[in-house]
Amino acid sequence: MPEYFAERLYDSMKSLGTRDKILTRVLATRCEIDLLSIRAEFRKKYGKSLYSAIQADTKGDYQCALLGLCRAEDL
């Protein structure tokens with residue numbers, strides 16, 4: 001399951017323009033369930049943290065909200 005959601009998050013940010021609906025939905029629905037596992041899988045699969053991917057792909061208040069859901073940078 002974490003691999004599936006890591007892929008969905010990556011796909012929502014990989015091309016020009018973020019697919020906001022997918023990104024927001026996955027983060028909002030998984031943040032209290034298994035986001036830690038998803039973050040670990042994201043790093044393993046894509047070589048960067050979900051937190052840094054969100055920072056690079058979003059801006060403003062939207063970015064702050066998503067980073068709040070993501071919670072922390074995985075070192």
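Details
- Of all residues making up the range 58-67, the number that are assigned to a helix (DSSP H, G or I) and either touching a Lys or Arg at 6+ places or on another chain (Cβ under 8 Å) or open to solvent by 50 Å² or more (accessible area, probe 1.4 Å) (or both): 4
- Candidate set: the range 1-16, residues that are of a type in the set (D, E, K, R) and open to solvent by 70 Å² or more (accessible area, probe 1.4 Å); chosen: the one nearest to the chain's Cα centre (by Cα): ARG8
To keep it simple, each residue is scored yes or no on (1) out of contact with any Phe, Trp or Tyr (no Cβ under 9 Å at 6 or more places or on another chain); (2) not aliphatic (A, V, I, L, M).
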residue	(1), (2)
TYR10	no, yes
ARG19	yes, yes
ARG25	yes, yes
ALA65	yes, no
LEU69	yes, no
GLU73	no, yes
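- Residue in the range 21-31 that is in contact with a Pro (Cβ under 7 Å, 6 or more places away or on another chain), surrounded by 13 or more Cβ atoms within 10 Å (Cβ to Cβ), outside any helix (DSSP H, G or I) and not polar (S, T, N, Q) present: no
- Meets criteria (assigned to a loop (DSSP other than H, G, I, E, B) and either of a type in the set (Asp, Glu) or touching a helix residue (DSSP H, G or I) at 6+ places or on another chain (Cβ under 9 Å) (or both)) for GLU41: no
The values are calculated or read from the model by the stated rules, or taken from the named source; none is laboratory data. As the structure is a computational prediction, the values presented were derived from the model and not from experiment. Ideal geometry is used to build each Cβ from the backbone, glycine not excepted, and the neighbour counts take in all protein chains shown. All accessible areas refer to the heavy atoms of the entire protein, side chains included, with ligands and DNA or RNA removed. Shrake-Rupley method; radii C 1.70, N 1.55, O 1.52, S 1.80 Å.
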